[in-house]
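Written below as structure tokens is the structure these notes are about.
The values are calculated or read from the model by the stated rules, or taken from the named source; none is laboratory data. It should be emphasised that the depicted structure is a prediction, and the values quoted were computed from it without experimental measurement. Methodologically, a virtual Cβ is constructed for each residue, glycine included, from the backbone with ideal geometry; neighbour enumeration extends over all protein chains shown. Note: areas computed on protein heavy atoms with side chains; ligands, DNA, RNA excluded. Shrake-Rupley method; radii C 1.70, N 1.55, O 1.52, S 1.80 Å.
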Amino acid sequence: MNINPKKALFIGLTTIDIQYFVEHYPQANTKIKTDAPLIAVGGPAANAAITYSVLGGQADFLSCIGINSFTQVVRNDFAKYNVRVIDPYEAETTDPIVSAVITTLANSERTIITHHPLELKANDQAPQIDLLDYAFIFIDGFYPELSLQLLPEAKMKHIPVIFDGGSWKKHLPQLLGFVDIAICSGNFHPPQCNTDDDTISYLKSLGINEVAISKGEGCIVCEHSSIAVEPVDAIDSLGAGDVLHGAFCFYMAAADNFIDALSKASKVASFSVQYRGTHAWIKHYNKIKNRESK
């Protein structure tokens, strides 16, 4: 079977983001009236899959969603962006994973209140997936039970695995041995790692080929270099790291050049923070691309 060079499998978390925008972060015991919130699907791998798809890739997304009051909202959002959902919980009642987000317009910072995803049962099985359909697998570290059922086969079949390191999780040592590329946030601190160099050295010692650490609007740190991030007037930084990951996947799949893919992806992430909400940038980006293609 021939692998579609643009088809990818994303594995990870799905949330419902309820996002309010305020001029300044509220003080305790105050009430703020603002515009109605944005309600949209979120999560690291979810937003990465959406980004990958809207840039021109074909994204399948393995996640646990189930049946709850937000199921239709979630599925509608994924369908809107042509992401195919693979849900082992699709016939079961679940509690949605809700993130309450306060975004401060004065500085584009966001505060997130959320909770842990459901704990999978010991006998939960990932759906039957033919990994040879995919050019690579992307994981965000959530639902390790599902990832660990697929990653050994991916390694045996030489299918690259890209990892989003948002924050350290105690189960990650089980996953990292299967990872080929890791792109982490500045908040990703493995045990005994106090600096970016410590983190890069630790991940490289596990056999990970390429490592980068995103420092937000500052730069992206790599092993022997750094990539400047294009300065913009940011409005909303929610999901910018997810956009970076999804765009990196797209450009890496297209050209297989780590630094070049990161550089191009950082431009997409910078573009995204100029609009409210994790997905609002997409229609503006598509308009520009459509004009350029004419």
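Observations on the structure shown:
- Mean accessible surface per residue for the chain, computed with a 1.4 Å probe while every protein chain stays in place, in Å²: 49 Å²
- When nucleic acids and ligands are ignored and a 1.4 Å probe is applied, residue 264 ends up with an accessible area of around 90 Å².
- In range of the label at residue 256: residues from segment 141-181 whose backbone nitrogen is under 19 Å from the point 7 Å along Cα→Cβ: 154-163, 179-181
- Take every DSSP beta bridge whose two residues both sit in segment 83-237; close to 50 percent of them are antiparallel.
- Rounded percent of accessible protein surface that carbon and sulfur make up, segment 167-272, 1.4 Å probe: 50 percent
- Distant-in-sequence amide H partners of residue 215 (H built 1.01 Å from N, under 5 Å): 220, 221
- Sequence of 11, 259 when ordered by accessible area, the most exposed leading, probe 1.4 angstrom: 259, 11
- Each 10 Å bin from zero holds the following percent of Cα-Cα pairs in segment 1-130: 11, 37, 31, 16, 5, 1, 0.
- Normalising the Debye intensity of segment 79-164 to I(0), with uniform scatterers on Cα atoms only, and taking log10 at q = 0.11, 0.13, 0.17 Å⁻¹ returns -0.46, -0.62, -0.95.
- Filter on 80/155; 121/204; 7/287; 6/283 - keep pairs with C-alpha separation over 28 Å: 80/155; 121/204
- As an equivalent ellipsoid, segment 28-99 spans semi-axes of 25, 18, 10 angstrom, where each value is the square root of five times an eigenvalue of the C-alpha gyration tensor, largest first.
- Computed from the Cβ-Cβ distance with R0 of 41 Å, the FRET efficiency linking residue 114 to residue 156 stands at 0.70.
- With helices as the sole contributors, the chain gives -10000 deg cm²/dmol at 222 nm; each DSSP H run of n ≥ 4 counts as -39500 (n - 2.57), and the sum is divided by every residue.
- Extension gain from residue 195 to residue 35, taking 0.36 nm per residue of separation minus the Cα-Cα distance: 53.6 nm
- Förster radius 25 Å - calculated FRET efficiency between residue 169 and residue 67 (Cβ-Cβ, nearest 0.05): 0.40
- A viscosity of 1.002 mPa s and a temperature of 20 °C, combined with the Kirkwood radius over Cα pairs in Stokes-Einstein, give a translational diffusion coefficient for the chain of 110 µm²/s.
- For the pair residue 28 and residue 148, the difference between a 0.36 nm per residue extended length and the Cα-Cα distance amounts to 38.9 nm.
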